[in-house]
Amino acid sequence: MRFLIGSLVFSLGVSLAGPTFAETSEPEVTGGTDLSGNYLILGLGVGYAPEYLGADDYEFILQPSVNAQYENFFLNTRGFGMAYSGFGYNVINENGLKAGPLINLDLGRDEDQSSDLRGLGDIGTTLLGGGFVEYQPGNWWINSAALFALAGDAEGFGVNVSTGYDFRLSKRLSVTPFIGTTWVSKKYSETYFGINDVQSARSGLAQYNADSGFNNYSVGFNARYALTKNWVVLGITSFNKLGGSAKDSPLTKQRGSDIYGYGSVSILYKF
């Protein structure tokens, strides 16, 4: 569940984390996070996160990122630059309001990611489709994305909402505190937190029927520091709490934790 219940959760850690770059010779991060015009930003970072959502064991992960825009088309990976990662199109783009269609991939979950997942089987890649809305009045912003499982192992849909405020502390440094939550449907929750009779027999966990609801709450902040006109360092940290079926699932209660953190540091370059 590396997108809808993964990226839409972890992406809260990078919500509107995209840096803005000054066009002058002096490096500067502006107070807002809107990236206007056409651009390509590539990044590489290291993150520290749970092995899977609900795990109590952590791992370091390599995090390449792409943030690109041409006219009203955009491509973002791992929520880079906005809460809604994926490939999309701005049908509306005026007065701080953006909205349009969005597609992405849920990369699933492999049983061998963690010994805690033994007996639960693999969850294959799923194509997701839906839409997003972003509104940014000044330094405040609020984002929402809804994505439906179109084809693949997962079923159902999820909705993410996050909001925050961009503080410009100096010409080079900007920080953004944020909060957010994710709601998922019963079918999507069943995919990752439900345990059927076969999985129960193989894993030793009790059978469990997951339900729809708010399965995650997040609070955190990111910090962006401009090294030069083109190079920016991005740091992200978040504190997260699982809720609903994600918290009550035997997978979380017996083998994991409903409270987890996330952190990463990346270096970004704008072409």
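What are the pairs with Cβ atoms under 8 angstrom where one residue, in region 195-207, is more than 15 Å from residue 255 (Cβ to Cβ) and the other, located anywhere, is assigned to a loop (DSSP other than H, G, I, E, B) and open to solvent by less than 50 Å² (accessible area, probe 1.4 Å)? Sequence gap at least six, or different chains.
As it stands, the answer is 201/119, since those pairs meet every condition given.
Which of the residues that make up region 88-120 are assigned to a helix (DSSP H, G or I) and open to solvent by 70 Å² or more (accessible area, probe 1.4 Å)? I'd like the intermediate steps shown before the answer.
The first filter runs over region 88-120 and keeps only residues assigned to a helix (DSSP H, G or I), leaving 111-113, 115-117.
Those that are assigned to a helix (DSSP H, G or I) and open to solvent by 70 Å² or more (accessible area, probe 1.4 Å): 112, 115.
Tell me yes or no: at least one residue of region 154-161 is of a type outside the set (Phe, Trp, Tyr) and under 23 Å from residue 175 (Cα atoms).
Pass one, region 154-161, residues of a type outside the set (Phe, Trp, Tyr): 154-156, 158-161.
If we keep only those that are under 23 Å from residue 175 (Cα atoms) too, we end up with 160-161.
Scanning region 154-161, I find at least one residue that is of a type outside the set (Phe, Trp, Tyr) and under 23 Å from residue 175 (Cα atoms), so the answer is yes.
Please work out if residue 11 is surrounded by 15 or more Cβ atoms within 10 Å (Cβ to Cβ) and either modelled with pLDDT of 80 or more or part of a loop (DSSP other than H, G, I, E, B) (or both). Full working, then the answer.
Details: surrounded by 15 or more Cβ atoms within 10 Å (Cβ to Cβ): yes; either modelled with pLDDT of 80 or more or part of a loop (DSSP other than H, G, I, E, B) (or both): no.
When the stated conditions are applied, residue 11 does not pass them.
Each row is one residue, and each column tells you yes or no for (1) in contact with a helix residue (DSSP H, G or I) (Cβ under 6 Å, 6 or more places away or on another chain); (2) part of a strand (DSSP E or B).
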site	(1), (2)
216	yes, yes
232	no, yes
236	yes, yes
247	no, no
252	no, no
260	no, yes
264	no, yes
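Can you pull out the strands (runs of 3 or more DSSP E) entirely within region 137-189 that have at least 3 residues that are in contact (Cβ under 8 Å) with a residue 24 or more places away in the chain and surrounded by fewer than 17 Cβ atoms within 10 Å (Cβ to Cβ)?
Passing ranges, in order: 140-152, 173-184.
Looking at the structure I just gave you, is residue 224 open to solvent by less than 60 Å² (accessible area, probe 1.4 Å), in contact (Cβ under 8 Å) with a residue 12 or more places away in the chain and either outside any loop (DSSP other than H, G, I, E, B) or more than 20 Å from residue 126 (Cβ to Cβ) (or both)?
Values: open to solvent by less than 60 Å² (accessible area, probe 1.4 Å): yes; in contact (Cβ under 8 Å) with a residue 12 or more places away in the chain: yes; either outside any loop (DSSP other than H, G, I, E, B) or more than 20 Å from residue 126 (Cβ to Cβ) (or both): yes.
Against the criterion (open to solvent by less than 60 Å² (accessible area, probe 1.4 Å), in contact (Cβ under 8 Å) with a residue 12 or more places away in the chain and either outside any loop (DSSP other than H, G, I, E, B) or more than 20 Å from residue 126 (Cβ to Cβ) (or both)), residue 224 qualifies.
Between residues in region 238-258 that are closer than 12 Å to residue 189 by Cα and residues that are surrounded by fewer than 19 Cβ atoms within 10 Å (Cβ to Cβ) and hydrophobic (A, V, I, L, M, F, W, C), which pairs lie under 7 Å by C-beta distance while being six or more apart or on different chains?
Taking only residues 6 or more apart or on different chains, the pairs are 243/214; 244/214.
The values are calculated or read from the model by the stated rules, or taken from the named source; none is laboratory data. As the structure is a prediction and not an experimental result, all values here were calculated from the model. Glycine also receives a Cβ, built like all others from the backbone with ideal geometry; neighbour counts cover every protein chain displayed. When the accessible area is computed, the model is the full protein with side chains, heavy atoms only, and any ligands, DNA or RNA have been set aside. Shrake-Rupley method; radii C 1.70, N 1.55, O 1.52, S 1.80 Å.
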